[in-house]
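The values are calculated or read from the model by the stated rules, or taken from the named source; none is laboratory data. Here the structure is a predicted model, which is why all the values come from computation and not from measurement. All Cβ positions, even for glycine, are placed from backbone atoms using ideal geometry, and neighbour counts span all protein chains on display. What goes into the accessible areas is simple: the full protein's heavy atoms, side chains included, and nothing from ligands, DNA or RNA. Shrake-Rupley method; radii C 1.70, N 1.55, O 1.52, S 1.80 Å.
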Amino acid sequence: MARWLPRSTDLTRFCQKLNRVKTLEDDMMETSFNRCLSTIDLTLLGIGGMVGSGLYVLTGTVAKEIAGPAVIISFIIAGFASLLAALCYAEFGARVPKTGSAYMFTYVSVGEIWAFLIGWNVLLEYMIGGAAVARAWSGYLDSIFNHKIKNFTETHVGAWQVPFLARYPDFLAAAILLVATAFISFGAKVSSWLNHVFSAISMGVILFILIMGFVLAQPKNWSTQEGGFAPYGLSGIMAGTATCFYAFVGFDVIAASSEEARNPQRAVPRAIAFSLGLATGAYILVSVVLTLMVPWHSLDPDSALADAFYRRGYAWAGFLVAAGSICAMNTVLLSNLFSLPRIVYAMAEDGLFFQIFSRVHPRTQVPVVGIVVFGLLMALLALVFDLEALVQFLSIGTLLAYTFVAASIIVLRFQQQKVDVPAPAATGQPNPEPHEGPSSGELKEYESFSDKLHLVDRAKSKEQREPGQLKAAFEPYLEFLTDFYPGEVVTVAVVTLMVSAICLCSILVFGNTHLHLPTWSYSLLLVLFSLGFLLSLLLIWAHEQQHRTQTFQIPLVPLSPALSIVLNIYLMLKLSYMTWLRFAVWLLLGLLVYFGYGIWHSKENLREPRPQRVSARYVVFPSGSLEERVQAVQPSSQPSAGLPDTDTDDCKR
C-alpha cells in the first residue's frame, strides 16, 4: 500500500509548483496595449468606480438606519481604512505596471495558486457588481416613468416565480450593458472619453447638491430635539463605517489600467490618491448637506437626496439629482466593464486561464474577446437573475483581494531584489541559471573560487545587509535567526501574523455572541492573539527592507499593511454565513479550473530549472570558512570530453 503513497520529494515539488511566483520581463513598460491614459484619465476612472449610486442611496440609508448624522464620522473612518488598502495598490501599480491588479500583485510576490484564486474571485465580483448596477440603473430610470417599463414587461412577457431568478426579465438592464460593451471594445481612449463625459455631469450635479444643500441647511436638525448628532452612539458609528467602507470599492480600476498608462510610476499613485481624496470629500460633504437639510430620522432610504429637495419645496431639483445618479451609475458600469476583461487577459496571458482571452485586437489594442464574452455574461446575469441575494458576495471577494495585496506588500519589501546576470560569451559552456542569493533555498553554483570569496565578503559585511536579513542591532539578541535564508523568517512571520489576525477578529466577532465565552477566557484569548500579532509584527520589523526606489512606496511598513489586514479580516467575518457558503462553492469551482487547466498551461512551467553540468561547488559554513567540492558531472545523453572520471575531491580552506 505504501507504493501508492506519494513520495516526499513529489509532494515538495508539487507544493513548489503551487507557490511559484511570476517572472517579470526586464522591460515592464513593453506591452501590446496602447499606453494612452494620463493621470487625469486614471483619476476620473477611479472616481467613476467609487462615486456611483452609493452617493445617492447609501448616505441616506446609513444616516437613517445605522448612524444618524454621525454618518459623517463613519465616512471619515471608512475613507482612512480604504486609504490603507489604496496605498498598497499604489505601490504595486507603480512598481509592477502590468494589468491584472490584485491578481498580478499576488502572483509576483506570494504564489501562483493564491493569485489564481484572487483573480477568480475578482472575476465574479466584477460580473455581479456590473449586473447589479445595471439593474439599479434600470430600476431608477423606471421609477422616473412611474414603473411603466416594469408593468409593460410583466404584462406582455410575464412574471416568474422561480428561485434565484428575477421576477421579470430586465431587458433595459441587459441593453445598457450591451451598449457599454460596444463602447468599451472601441479602445481605451474611447472608454476614457465616455467616462469623462459622465463624470463631468455627475460632478456638476454633486456641486449643485452641495451649493443648494448648504443654502437650505438648518443646524437645528443636529440638535438634541431631533435626536442629536450621534443617536446610535459609538456602535452605530462603527457599524456605519463597515457599510460605508464598500462605497470606496472601485479604486482598483486604476491599478488594473496601469499597463495602459503613459507614465505608470507617477500616474498610478497620484490617480489613486486624487480619486480617493475627492470621493471621500464628496461622501462627507453630501452627508453633511443631507442631514442638515431635513431631520435624519425622516429620510427616505431609497432616494434620500431627491426626497430631501422635494420636501423643501424644490421638486425640480429632483430631476437634476436623477440625472446625476444615472450618470454616476454609468461610470460604475464603464469601470466594471473596463477592468474585468483586463484581469481575464492577465490570467490568460500567464496560461492560468483559457488562451483565447489573451488575444488583443491589433487596431483597438484591447482584449476584445474578453470584453465581448464577459459583457454578454454580465448582460445575461442582469436579464434573468435575482442579484439581491448575491450582492453581499461582492464584499468578500474585494476584502480578500485587499488582504492578499497588503500581505504581498510586506513579502515584497523584504525580498531580495533580483540581480541581472550578464550573458556569457559564446564559448560552448552552459549558461548557468541566475540566482537571487541564498533565499532560493538550494545549493548555489559558481564558476570560480573568487566569485564565492566576493559573496562571502558581502555576507560578512554589516554595512551592506540584503533585504530579508536580520538587522545588525538585533543580531546579539536573535542570533539563532541568522541561520535562516534572507526573507524566510519574514515569510513565516507574515503567515503567523495573518493567523493571529484571523483568531483575534474571530474572538471579537463571535466571542460573546456565538461562542458565549466567559469573560476571563474572552479576555485571555484577546491578549494571547494580540501578543501573537504584535510579536509577528516586531519580528518582521527587525529585518532589513529593500532600499528606497524611485517609485512610490507606502510608508510605515509593515505597520500600515498589517492594519489593513486586520481591518479586512474583521469586515469579512462580519458577513453572513450564506455569503461564506457561496464563497466556498465558487472557490471549489475555481480549484477545478486551476487543477484541470491552469497548473498545466502555466507559463512558469516553461521556466522550470533543468539539470546542468557543474564543475565546482562552494558551500559557506556559519563560521565563514569555505569547502570546495569538485566533481565530474556527465550529461545523461553523451559523455563530456576533458573531464577526468575521478571520485569527488574535497578540500578545505
Can you flag which of Lys64/Lys574; Lys98/Lys603; Lys22/Lys189; Lys17/Lys603; Lys64/Lys220; Lys220/Lys574 are past 23 Å Cα-Cα?
Lys22/Lys189; Lys220/Lys574
With a Förster radius of 35 Å, plug the Cβ-Cβ distance of Leu573 and Phe164 into 1/(1 + (r/R0)^6) and report the FRET value to the nearest 0.05.
0.85
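Specify whether the C-alpha gyration tensor of the stretch 340-386 places it in the rounded, prolate or oblate class, a ≥ b ≥ c being the square roots of the eigenvalues: rounded for a/c under 1.5, otherwise prolate if a/b is larger than b/c and oblate if not.
Numbers: a/c = 3.25, a/b = 1.69, b/c = 1.92.
Oblate is the answer for the stretch 340-386, as a/c is 1.5 or above yet b/c matches or exceeds a/b.
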Residues listed by number, the stretch 9-49, amide nitrogen under 16 Å from Trp193 label point at 7 Å toward C-beta
36-38, 41
Students often get this wrong: which residues of the stretch 339-378 have the backbone nitrogen under 16 Å from the point 7 angstrom along Cα-to-C-beta of Ala182?
372-373, 375-376
Indicate the gyration tensor shape class of the stretch 179-220 (rounded, prolate or oblate), computed on the Cα atoms with a ≥ b ≥ c the square roots of the eigenvalues: a/c under 1.5 is rounded; otherwise a/b larger than b/c is prolate and the rest oblate.
prolate
Going by amide H atoms built from the backbone, whose H comes under 5 Å of the H on His543, apart from near neighbours?
Lys471
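Based on the mean of other Cβ atoms within 10 Å per residue, sort peptides 256-264, 170-178 so the most packed one is first.
Details: 256-264: 25.1, 170-178: 21.7.
Descending mean neighbour count gives 256-264, 170-178.
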Accessible area per residue, 1.4 Å probe, Å², for the stretch 467-603: what's the number?
56 Å²
Based on the mean of other beta carbon atoms within 10 Å per residue, what is the order of 500-508, 340-348, most packed first?
340-348, 500-508
Percentage of Cα-Cα pair distances in the stretch 33-414 greater than 38 Å, rounded to whole percent?
18 percent
Given 10 °C, 1.306 mPa s and a Kirkwood radius over Cα pairs, the Stokes-Einstein diffusion coefficient of the stretch 467-603 in µm²/s is 88 µm²/s
Give the carbon-plus-sulfur fraction of the accessible surface of the stretch 467-603 in %, rounded to a whole number; probe 1.4 Å, heavy atoms of protein chains only.
73 percent
Can you work out the FRET efficiency for the pair Leu535 and Arg7, with r the C-beta to C-beta distance and R0 = 30 Å, to the nearest 0.05?
0.25
Take the Cα of Ser38, step 7 Å along the line toward its Cβ, and report every residue of the stretch 180-214 whose backbone nitrogen sits under 18 Å from that point.
188-201
With a sphere of radius 10 Å drawn around the Cβ of Asn263, what net charge do the other residues whose Cβ falls strictly inside it have (Lys, Arg +1; Asp, Glu -1)?
+4
With every protein chain kept in place and a 1.4 Å probe, the residues Ile128, Ile66 fall, from largest accessible area down, as Ile66, Ile128
Hey, what do the phi angles of the stretch 535-548 turn into as Karplus ³J(HN,Hα) couplings, whole Hz, using 6.51/-1.76/1.60 and θ = phi - 60°, x for Gly and Pro?
5, 4, 5, 5, 5, 5, 5, 6, 10, 6, 9, 5, 5, 4
Dipole in debye (nearest 20) - the stretch 48-137, about Cα centre, beta carbon charges: Lys, Arg +1; Asp, Glu -1:
140 debye
Can you work out the accessible area per residue across the stretch 33-414, with the rest of the protein chains kept in place, probe 1.4 Å, in square angstrom?
34 Å²
Got a sec? Charge dipole of the stretch 467-603, +1 on Cβ for Lys and Arg, -1 for Asp and Glu; which of Trp520, Met578, Gly487 is way out at the positive end?
Met578
Run the 1.4 Å probe and let me know the accessible area of Glu30, rounded to the nearest 10 Å².
130 Å²
Ignoring ligands, DNA and RNA, what percent of the accessible area of the stretch 33-414 is carbon or sulfur (1.4 Å)?
69 percent
Sorted by average packing, counted as other Cβ atoms within 10 angstrom per residue and highest first, what order do 580-589, 76-85 take?
76-85, 580-589
